[in-house]
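Chemist: Have a look at the structure that comes next, please.
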Amino acid sequence: MTATQLVLLEGGPDDLPQVWALPPGGCTEPIKIPRRNAYEHFEFAHTHRVLHGEAMPVYRWVHRTYIAE
C-alpha cells in the first residue's frame, strides 16, 4: 500500500489549504483541484520546501478553468 503524498500549494485562491494530499502513488502531472464551478490548476515548481520537518514538493497555481454545463 502506497502512502498519501503531501504537497505544498503556492498561489491560487486564499481559501485552498496550503497542504494538499495527492492520491496514493503521487503525481508528476499538473494537479487539477475542483473548486466551486471551476478547476484550479497547479504545476510542479521543481523545488521542495520543508514544513513540519518534512520536505514537500511545491506546486504553483497556473490558471483556472470553468466547468462547462
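The values are calculated or read from the model by the stated rules, or taken from the named source; none is laboratory data. Bear in mind the structure is a predicted one, so any value in this text is a computation, not a measurement. As a convention, Cβ positions derive from the backbone with ideal geometry for all residues, glycine included, and neighbour counts pool all protein chains shown. Accessible surface is based on the protein model in full, side chains and every heavy atom, while ligands, DNA and RNA are left aside. Shrake-Rupley method; radii C 1.70, N 1.55, O 1.52, S 1.80 Å.
Chemist: Suppose we filter Arg35, Arg60, Arg64, Arg49 for residues that are touching a Pro at 6+ places or on another chain (Cβ under 7 Å) and either within 12 Å of Val7 (Cα to Cα) or basic (Lys, Arg) (or both); which single one remains?
Modeler: Residue meeting the stated conditions: Arg35.
Condition check ((1) open to solvent by 30 Å² or more (accessible area, probe 1.4 Å); (2) under 12 Å from the mean Cα position of the chain (by Cα)) across all residues:
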{"position": "Gly11", "(1), (2)": "yes, yes"}
{"position": "Pro24", "(1), (2)": "yes, no"}
{"position": "Ile33", "(1), (2)": "no, yes"}
{"position": "Thr47", "(1), (2)": "yes, no"}
{"position": "Val50", "(1), (2)": "yes, no"}
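Chemist: Name the pairs whose Cβ atoms lie under 7 Å apart, with the first residue in segment 33-57 and under 14 Å from Pro17 (Cα atoms), the second of a type in the set (Asp, Glu) and at pLDDT 90 or above, and 6 or more positions between them or separate chains?
Modeler: Sorted first by the residue in segment 33-57, then by its partner, the pairs are Ile33/Glu40.
Chemist: Can you tell me which condition Ala3 does not meet? The list is (1) within 21 Å of Ile67 (Cα to Cα); (2) modelled with pLDDT under 95, and all the others hold.
Modeler: Among (1) within 21 Å of Ile67 (Cα to Cα); (2) modelled with pLDDT under 95, Ala3 violates only (1).
Chemist: Further question on the same structure: Being modelled with pLDDT of 95 or more, closer than 16 Å to Gln5 by Cβ and open to solvent by 50 Å² or more (accessible area, probe 1.4 Å) narrows it down to one of Glu43, Glu54, so name that one.
Modeler: Within the list Glu43, Glu54, the selection yields Glu43.
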